[in-house]
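To start, the structure itself, in structure tokens.
The values are calculated or read from the model by the stated rules, or taken from the named source; none is laboratory data. Computed from a prediction, not measured in an experiment: that's the story for all the values here. FYI the Cβ positions are ideal-geometry reconstructions off the backbone, even for glycines, and counts take in every protein chain you see. These accessible areas exclude ligands, DNA and RNA; they are computed on the full protein's heavy atoms, side chains included. Shrake-Rupley method; radii C 1.70, N 1.55, O 1.52, S 1.80 Å.
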Amino acid sequence: MIMAPAGAKRNILERLDAGEIVIGDGGFVFALEKRGYVKAGPWTPEAAAEHPEAVRQLHREFLRAGSNVMQTFTFYASDDKLENRGNAQRFTGTQINEAACDLAREVANEGDAMVAGGVSQTPSYLSCKCEDEVKGIFKRQLDVFVKKNVDFMIAEYFEHVEEAEWAVQVLKTSGKPVCATLCIGPDGDLNGVSPGDCAVRLVKAGANIVGINCHFDPMTCVKTVKMMKEGVERAGLKAHYMVQPLAFHTPDCNCQGFIDLPEFPFGLEPRILTRWDMHKYAREAFNVGIRFIGGCCGFEPYHIRAVAEELATERGCLPAASEKHGNWGAGLEMHTKPWVRARARRDYWEKLKPASGRPKCPSMSTPDSWGVTKGHADLMQHKEATSQEELKPLFEKAKASH
């Protein structure tokens with residue numbers, strides 16, 4: 001039965017405290033880049049102000065697919081990132097953040113969804129700017145979220161737990177629930193802090209919900225959140241848990257995740273998870289105790305629909321988009337070709353091993369593994385466009401490493 005879940009007006013902590021499952025949305029940056037509204041490289045969200053119709057439509061598709069959270073399209077919307085490396089700006093950070101909040105609220109009000117204001121890691125931190133300066137960047141975004149009265153906050157996509165702690169401390173001053181997700185794997189953050197210790201530090205900083213987003217495939221992210229959960233429990237603390245992984249298979253990744261893969265970002269399509277892979281992901285996340293389950297880069301609305309369909313019994317509903325999707329391929333019963341009608345069954349899709357259609361391609365790649373992180377000269381950021389003098393040694397290093 002397709003229906004709206006009960007308790008739509010309760011906040012995220014009330015829902016999670018009651019044991020409900022919260023379905024997140026997907027990867028706006030990658031989805032809008034493919035649609036022609038985001039530039040790969042800076043990955044900044046000017047589209048919220050420049051092309052609001054595109055952002056609004058994607059919100060609506062995720063809502064229809066079952067998302068309970070409309071996350072503001074404010075990824076990398078800090079002033080230092082918006083003006084980094086020659087990125088020309090027609091809109092201020094405040095204008096982008098305000099437009100993103102308005103769009104998320106408009107669509108959230110059309111269904112059972114909350115609005116989450118999001119901040120992410122900054123060029124200033126990578127360039128070793130001081131704590132007060134980095135916190136000031138988060139505070140300027142937070143001021144917009146408070147003005148627009150978002151329902152809760154998400155500090156996401158942090159490679160270093162220290163910067164995530166600073167973000168949580170700032171977001172906590174709003175008095176609203178705070179989530180914190182790191183883009184790390186089982187090896188921990190880029191300074192080697194374990195997932196369990198990272199989670200403890202985030203909870204102590206004030207995060208109500210902790211977890212992982214981006215950089216790794218769903219099962220790797222679920223494994224890492226499980227490690228975070230175990231660390232929090234060992235410390236005698238309490239938290240809720242969330243996961244918003246990639247929609248790409250990444251068995252060959254190192255600690256930097258998919259950005260080290262040679263296919264990043266324009267050749268990742270052969271790695272995309274099927275909708276049936278998403279069923280397995282949703283079930284595994286639920287089984288380890290994660291109750292805020294969504295997606296990041298590569299996730300399209302049909303992936304989120306698969307998550308919602310897998311957990312339909314626990315949630316007591318199906319998303320509206322399931323009107324156009326037969327359970328486990330049941331809609332294929334209506335197909336004209338008999339051999340396709342024969343695929344209208346769960347065991348067929350669960351056991352399928354999809355071919356790539358690329359006979360000369362390897363199944364895995366070798367990550368670049370440059371080992372560059374905060375404080376390295378190559379990560380020092382600036383407003384000026386990247387020069388040819390800066391690029392030349394990078395090109396030479398890349399050639400030498402392959």
Spelling it out for Ile290: with amide H atoms placed in the peptide plane at 1.01 Å from N, the residues 5 or more places away or on another chain with amide H under 5 Å from its amide H are none
Using alpha-carbon positions, the gyration tensor of region 12-328 gives root eigenvalues a ≥ b ≥ c; with a/c under 1.5 called rounded, otherwise prolate if a/b exceeds b/c, else oblate, the class is rounded
I need the phi-derived Karplus couplings for region 213-223: 6.51 cos²θ - 1.76 cosθ + 1.60, θ = phi - 60°, integer Hz, Gly and Pro marked x. 9, 6, 6, 9, 6, x, 5, 5, 5, 4, 4
Gained length - Glu50 relative to Lys204, 0.36 nm times residue gap less alpha-carbon distance: 51.6 nm
Within the chain, longest stretch free of exposed chymotrypsin sites (Phe, Trp or Tyr not before Pro) [DSSP loop, at most 15 other beta carbons within 10 Å]: 1-265
May I ask you to evaluate 6.51 cos²θ - 1.76 cosθ + 1.60, the Karplus curve with θ = phi - 60°, for each residue of region 291-306 and list the ³J(HN,Hα) values in order in whole Hz, giving x for glycine and proline? 10, 10, 10, x, x, 10, 4, x, 5, 10, x, 5, 5, 5, 4, 5
Non-local amide H neighbours of Thr44 (under 5 Å, H modeled in plane, Pro and chain starts lacking H): which ones? Lys39
Keeping every protein chain present and rolling a 1.4 Å probe, give me the accessible area per residue for the chain in Å². 44
Counting only DSSP beta bridges with both residues in the chain, what percent are antiparallel, rounded to the nearest 5? 5
Averaging sequence separations of C-alpha pairs under 8 Å and six or more residues apart, then dividing by the length of region 12-328, give the relative contact order as a whole percent. 19
Above-threshold pairs, the threshold being 26 Å between Cα atoms, out of Lys229/Lys280; Lys176/Lys383; Lys223/Lys353: Lys176/Lys383
Are there trypsin sites (Lys or Arg not before Pro) in region 301-396 that DSSP puts in a loop and that have at most 11 other Cβ atoms within 10 Å, and which ones? Lys360, Lys383
For Val210, what residues show an amide H to amide H distance below 5 Å, using hydrogens built from the backbone and excluding near sequence neighbours? Ala180, His240, Tyr241, Met242
Calculated from backbone phi, Karplus (6.51, -1.76, 1.60) coupling profile of region 390-399 in Hz, x at Gly/Pro: 6, 6, 4, x, 5, 4, 5, 5, 4, 5
Ser194 - accessible surface, heavy atoms, 1.4 Å probe, Å² rounded to 10: 40
Grab the Cα-Cα distance for Lys392 and Glu14, subtract it from 0.36 nm times how many residues apart they are, and report the gain in nm with one decimal. 130.7 nm
Where does each of Leu318, Leu352 land when they are ordered by accessible area, with a 1.4 Å probe and the largest first? Leu352, Leu318
Carbon and sulfur: what percent of the chain's accessible surface (1.4 Å probe)? 52
If r is the Cβ-Cβ distance from Glu133 to Asp347 and R0 is 60 Å, what FRET efficiency results, to the nearest 0.05? 0.60
